[in-house]
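To start, the structure itself, in structure tokens.
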Amino acid sequence: MTSIVIPAHNEARVIGRLLDALLADPAEEATDIVVVCNGCTDDTARVAAGRGPRVRVVEIPVPSKHTALRTGDDHARGFPRLYVDADVVLTGAGVRALAEPLADTASGVLATAPVRRIPLAGCAWRVRAYYRVWQRLPAVREGLFGRGVIAVSAAGHARIAALPPLMADDLAASLAFAPGERRVVGAAEVVVRPPRTWRDLINRRVRAAVSTAQVEQRQGPAGASARTGVSDLAVLLRARPGLFASVAVFVAAAVVARRRAARAVRKRDFDTWLRDDSSRQD
């Protein structure tokens, strides 16, 4: 049985669209769905429970994604197992596509993730420019992070269950697997809504920079593989010189975010979560 664990902290506005997409596929009736409402002060639990008996809701008082994931593991019934952020959209067909390589033990694949679709309509022009570059970076295309969905086999779960609590849980999980052990599945698509404003984009990038620094401190230089270097941008510009203005915006966002993140890293503040509410608007 495939299990889906959805950690949710004050996601009443958006969790319904994810659950509706998962439940719309009758072929997924046997899928085990566990929503872990962690430290919620809104109607997340009520909205999730309102989707019927196929959704099991667990409430915990601590607003911690790591604790929610571990609690979800305690209640989940099977493998492959998917960890899905409450603010993305994934269909039942996508679940099956992600589970298929994991069921084949001979494949050597321990973790999978879907391709991203990032709808940029309604976003500020600088946000659109940033994502035109970000989506083309090799680490972003090949890694499992930044998708809001990671699926693992039982063996893959054993690998990530040993990880310490980290802000960048998806990055740490991606780096826990060698390239041959992880796969981005083209037949599965997740809708990831981006920030709509420049301010929210910077907040998200500050969080990413702080998270990456924490991963590097805990796991060593391997965490640096998620960073974008000058050479990555140079290769991109040689292939697509028309992206020059977008690259300039990307660099500006990176510089601002890393400067702000450096202050948090010096203070060892790996707990402040700069939430982007603009991407949670309808």
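Coordinate-derived values only; no laboratory data. Just so we're clear, the structure is a prediction, and the values are computed from it rather than from any experiment. Using ideal geometry, Cβ is built from the backbone for each residue, glycine included, and neighbour counts are taken over all protein chains shown.
Could you calculate the FRET efficiency of HIS66 with THR41 from 1/(1 + (r/R0)^6), where r is the beta carbon distance between them and R0 is 25 Å, rounded to 0.05? Kindly include the intermediate steps, with their values, before the conclusion.
On the way: r = 19 Å, r/R0 = 0.77.
Efficiency computed from Cβ-Cβ geometry: 0.85.
With Cα extents along the principal axes in Å in mind, check [x] 50, 45, 37; [y] 58, 51, 34; [z] 59, 44, 34 and report the label derived from this structure.
From the options [x] 50, 45, 37; [y] 58, 51, 34; [z] 59, 44, 34, the structure gives [x].
Calculate, for VAL235 and GLU59, the FRET efficiency according to 1/(1 + (r/R0)^6) with r their C-beta to C-beta distance and R0 45 Å; round to the nearest 0.05. Working shown, then result.
Numbers: r = 48 Å, r/R0 = 1.06.
The formula returns an efficiency of 0.40 here.
Normalised by the number of residues in the chain, what is the relative contact order in percent for Cα pairs under 8 Å and 6+ residues apart?
Working: 529 pairs, mean separation 55.4, N = 282.
Relative contact order of the chain: 20 percent.
Run the quick spin-label model on VAL256 and ALA162: label points 7 Å from Cα toward the beta carbon, then report their separation in nm to one decimal.
4.1 nm
Where both residues lie in the chain, what percent of DSSP beta bridges are antiparallel, nearest 5?
Values: 8 of 30 bridges.
Just about 25 percent of them are antiparallel.
When ranked by the protection proxy of mean other Cβ atoms within 10 Å per residue, highest first, what sequence do the peptides 73-85, 96-108 form? Before the final figure, lay out each step's value.
Details: 73-85: 19.8, 96-108: 16.1.
Order by mean packing, descending: 73-85, 96-108.
Which net charge results for the neighbourhood of ALA49, defined as the other residues with beta-carbon distances under 15 angstrom from its beta-carbon, given Lys and Arg at +1 and Asp and Glu at -1? Walk me through the numbers before you get to the answer.
Working: positive: ARG46, ARG51, ARG54, ARG56; negative: GLU11, ASP20, ASP42, ASP43, GLU59.
Charge balance near ALA49 sits at -1.
Which helices count as membrane-span-like in the chain under these terms: full DSSP H, at least 18 Å along the axis by C-alpha, Kyte-Doolittle mean of 1.0 or more?
Values: long enough: 198-219 (31 Å, -0.89); 244-266 (33 Å, 1.03).
Within the chain the helices that satisfy the rule are 244-266.
Would you look at the GNM of the chain, springs on alpha carbons closer than 10 Å, and say which of THR228, THR212, THR112 moves the most?
With Cα springs under 10 Å in the chain, the top fluctuation among THR228, THR212, THR112 is at THR228.
Would you mind counting up the charge near VAL109? Only other residues with Cβ under 11 Å from its Cβ, with Lys and Arg at +1 and Asp and Glu at -1.
On the way: positive: ARG182, ARG183; negative: GLU100, ASP104, GLU181.
So the environment of VAL109 carries a net charge of -1.
R0 = 30 Å: FRET efficiency of ALA154 with GLN217, Cβ-based, nearest 0.05?
Working: r = 29 Å, r/R0 = 0.98.
According to the calculation, E is roughly 0.55.
Counting Lys +1, Arg +1, Asp -1, Glu -1, what net charge surrounds ARG240 among other residues with beta carbon under 12 Å of its beta carbon? Each step should come with its number before you reach the end.
Working: positive: ARG132, ARG136, ARG238; negative: none.
Within the 12 Å Cβ shell, the charges total +3.
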